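One structure is given here, and the rest of the page talks about it.
Rule-based calculations on the coordinates, nothing more; no lab input. Note that this is a predicted model, so its numbers are computed, not measured. Note that we place each Cβ from the backbone using ideal geometry, even for glycine, and neighbour counts take in every protein chain shown.
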């Protein structure tokens, strides 16, 4: 089905074939998980060129692709591949191929072969998840939810951000994750005002707001979850900001619909934060697609890239935040699946501003 959709795109782009070099797109189309390989897909053929390390892996993971065995450079076999597939217009991934490799490919081809840059051809297909992808995404989300429940029971005053981050990673791996989706963020107190803070050796104070952003990787698919909480005795200012962010997220989860643009979706949450007087402290977009890549299309953003239209089958984050330099930050994030009748939240982790264990 994925190849059929791509071949429809080839007709639209008037291409005889396309060369796929992006690793996530290669895996999406072929199932091949090796670190090196190039796909060539035409109207009726599908080839995968790779070296000796992956010959057997291709046969197991990509049985629908004809293996092209490389014993040297891809450039050495490229003219034969182009001839074999009867290619005159060969598409390539313009967002992935380096200029130097493009020049080498151009030099290796026979006269009369046209190289055509494409942009987001496969990424457009990947935006809407199919029935084979959703179970892996949900397993990644479930492990991430379980990790959050574990860490809220584990964390104690005096622990460092780094200790907490490591405990989350250990738990995820022990529970079935291949790895984490990205370096885990644990940011307490003023560190939480940095949206992408790096865990430090700063000890946690009971009243510190703690921002934890984490995700498990399962079957190549990512999860993304952020929660903010204090262990005990949070300040009134923090509780006020937390409630604003929570209400902004709830509004987005309840009101985003298929057919909206990413900008329109972003505005649902952003308007609430702006009306509360914190618009300048919400500097990033509301969300992003999640799948084989942790940050992928579509974009829910107030910027130009938020012009994409949201369609059923898309999975993306909803993560409003407010960041107060020198004080603290608050971000609350869930993954959601867009259906015909609205959003289905995939994450189930608790949302409480403070644990209040004393």
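If contacts are Cα pairs under 8 angstrom and at least 6 residues apart, what is the relative contact order of the chain in percent?
Across the chain, relative contact order equals 14 percent.
Work out the FRET efficiency for residue 109 and residue 45 from their Cβ-Cβ distance, taking R0 = 25 Å, and round it to the nearest 0.05.
0.90
Rounded to whole Å, give me the distance from the Cα center of segment 84-162 to that of segment 221-250.
30
May I ask for the angle, rounded to the nearest 10°, between helix 134-154 and the longest principal axis of the chain, with both axes built from Cα atoms and the value confined to 0 to 90°?
Computed tilt is about 30 degrees.
Take 333, 280 and order them by how many other Cβ atoms sit within 10 Å, fewest up front.
280, 333
Would you work out the relative contact order for segment 201-347, in percent, from Cα pairs under 8 angstrom that are 6 or more residues apart?
26
For residue 170 and residue 52, calculate 0.36 nm times their separation in residues minus their Cα-Cα distance, and state this gained length in nm to one decimal.
Stretched out fully, the residue 170 to residue 52 stretch lengthens by 39.1 nm.
For the chain, with a Gaussian network of springs between Cα atoms less than 10 Å apart, report the residue from 154, 182, 282 with the top mean-square fluctuation.
Evaluated over the chain, the most mobile residue of the options is 154.
Could you calculate the contour length gain from residue 307 to residue 60, that is, 0.36 nm times the residue separation minus the distance between their Cα atoms, to one decimal place in nm?
84.9 nm
Rounded to the nearest 500, what is the 222 nm mean residue ellipticity of the chain from helices alone, with -39500 (n - 2.57) per DSSP H run of 4+ residues and division by all residues?
So the calculated ellipticity at 222 nm is -10500 deg cm²/dmol.
Given a Förster distance of 51 Å, report the FRET efficiency between residue 14 and residue 149 from their Cβ-Cβ distance, rounded to the nearest 0.05.
The formula returns an efficiency of 0.45 here.
Which residues does a label at residue 351 reach in segment 144-162, if reach means a backbone N under 20 Å from a point 7 Å past the Cα toward the Cβ?
Hits in segment 144-162 for residue 351 at 20 Å: 144-153.
What is the distance in Å between the Cα centroid of segment 180-205 and that of segment 1-51?
Between the Cα centre of segment 180-205 and that of segment 1-51, the gap is 39 Å.
Given a 10 angstrom Cα cut-off, can you work out which residue in 62, 193, 24 is the most mobile in a GNM of the chain?
Residue with maximal mean-square fluctuation among 62, 193, 24: 62.
What residue among 221, 323, 55 shows peak mean-square fluctuation when the chain is described by a Gaussian network model with Cα springs under 10 Å?
Fluctuation is largest for 55.
Using a Förster radius of 41 Å, what is the FRET efficiency between residue 131 and residue 102 based on their Cβ-Cβ separation? Nearest 0.05, please.
0.65
How far, in degrees from 0 to 90, does helix 2-13 lean away from the longest principal axis of the Cα atoms of the chain, to the nearest 10?
70
Cα axis of helix 161-174 to longest principal axis of the chain: angle in degrees, 0 to 90, nearest 10?
Helix 161-174 sits roughly 50 degrees off the main axis of the chain.
Which whole-number percentage describes the relative contact order of segment 1-127, with Cα contacts under 8 Å and a sequence gap of 6 or more?
Answer for segment 1-127 is 26 percent.
Among DSSP bridges having both ends in segment 2-126, what percentage is antiparallel? Round to the nearest 5.
Beta bridges within segment 2-126, antiparallel portion: roughly 40 percent.
If you take every DSSP beta bridge fully contained in the chain, what fraction is antiparallel? Give it as a percent rounded to 5.
Expressed as a percentage, antiparallel bridges in the chain total about 75.
Can you tell me how much longer the chain between residue 194 and residue 295 gets when fully stretched, taken as 0.36 nm per residue apart minus their C-alpha distance, in nm with one decimal?
Length difference between fully extended and current span is 34.5 nm.
Taking the Cα of residue 116, stepping 7 Å toward and past its beta carbon, and measuring to each backbone N in segment 35-50: which are under 20 Å?
The answer is 39-47, whose backbone nitrogens lie closer than 20 Å to the label point.
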